[in-house]
1. Counting pairs of alpha carbon atoms under 8 Å apart in space and at least six apart in sequence, what relative contact order in percent does the range 84-128 give?
2. Under a crude label model (7 Å from the Cα following the beta-carbon direction), how far is Tyr129 from Ala102 in nanometres?
3. Note down the magnitude of the dipole of the chain about its Cα centre, charges +1 on Lys and Arg C-beta and -1 on Asp and Glu C-beta and zero elsewhere, to the nearest 20 debye.
4. Among Val76, Val14, Val36, which one moves the most in a GNM of the chain with springs linking Cα atoms closer than 10 Å?
5. Which longest run of the chain has no exposed loop site in it, a site being trypsin sites (Lys or Arg not before Pro) in a DSSP loop with at most 13 other beta carbons within 10 Å, and the site itself not part of the run?
6. What accessible area per residue, rounded to a whole number of Å², is obtained for the chain using a probe radius of 1.4 Å?
7. For a Förster distance of 35 Å, can you work out the FRET efficiency between the beta-carbons of Leu33 and Ala119, rounded to the nearest 0.05?
8. Over the chain, consider all pairs of different Cα atoms and compute the Kirkwood hydrodynamic radius from their mean reciprocal separation; express it in Å, one decimal.
Amino acid sequence: DLQKSYNGLFHGCVGALDGFFQPTKAPTKRECLGNVTAYYSGHYESYGLNCQAACDANLRFLFFGVVGPGKTNDNVAFPRCGELYTTIMKLPPGLYFLGDAAYDLCETLLVPFTGTQRANADNDAYNFYLS
């Protein structure tokens, strides 16, 4: 939706992808096949689940899934999203999704510049509009 894009900068954007950590109580060994530590996120200092969501420019959910234990990185969780992952990876040229730095850059998933790449003025401007 070109009208939702600032000056048409992200023409061709189909939607946005992001993951989030849903806190839960610690699972029992029986509930998680003995791998309790997989559900503990050191970053959030809590047990939980990795959820992935995608929405369009009108903020309508295109996908929502609980795709892994809380310790799972978004970049690892994304391929577990089945049809969403396949759809994004096979978008035709000129169409893409936007994601954050937790994901790997590819032709159909644009992510921000990180580290020393942010020092470049053009990259910094791109990150500003991406956010």
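The values are calculated or read from the model by the stated rules, or taken from the named source; none is laboratory data. As the structure is a prediction and not an experimental result, all values here were calculated from the model. So basically every Cβ, Gly included, is an ideal-geometry build from the backbone, and we count neighbours across all protein chains shown. Heads up: the accessible areas ignore ligands, DNA and RNA and are worked out on the full protein's heavy atoms, side chains in. Shrake-Rupley method; radii C 1.70, N 1.55, O 1.52, S 1.80 Å.
1. Numbers: 41 pairs, mean separation 12.4, N = 45.
With pairs under 8 Å counted, the relative contact order is 28 percent.
2. Distance between label points: 2.6 nm.
3. On the way: 9 positive and 12 negative charges, 102 e Å.
I would put it at about 500 debye.
4. Maximum among the listed residues: Val36.
5. On the way: sites that count: Lys25, Lys29, Arg30, Arg60, Lys90.
The longest uninterrupted stretch comes out as 91-131.
6. Details: 8530 Å² over 131 residues.
Using a 1.4 Å probe on heavy atoms only, each residue of the chain averages 65 Å².
7. Values: r = 45 Å, r/R0 = 1.30.
Taking R0 as 35 Å, the efficiency between Leu33 and Ala119 is 0.15.
8. On the way: mean 1/r = 0.0621 Å⁻¹.
The answer is 16.1 Å.
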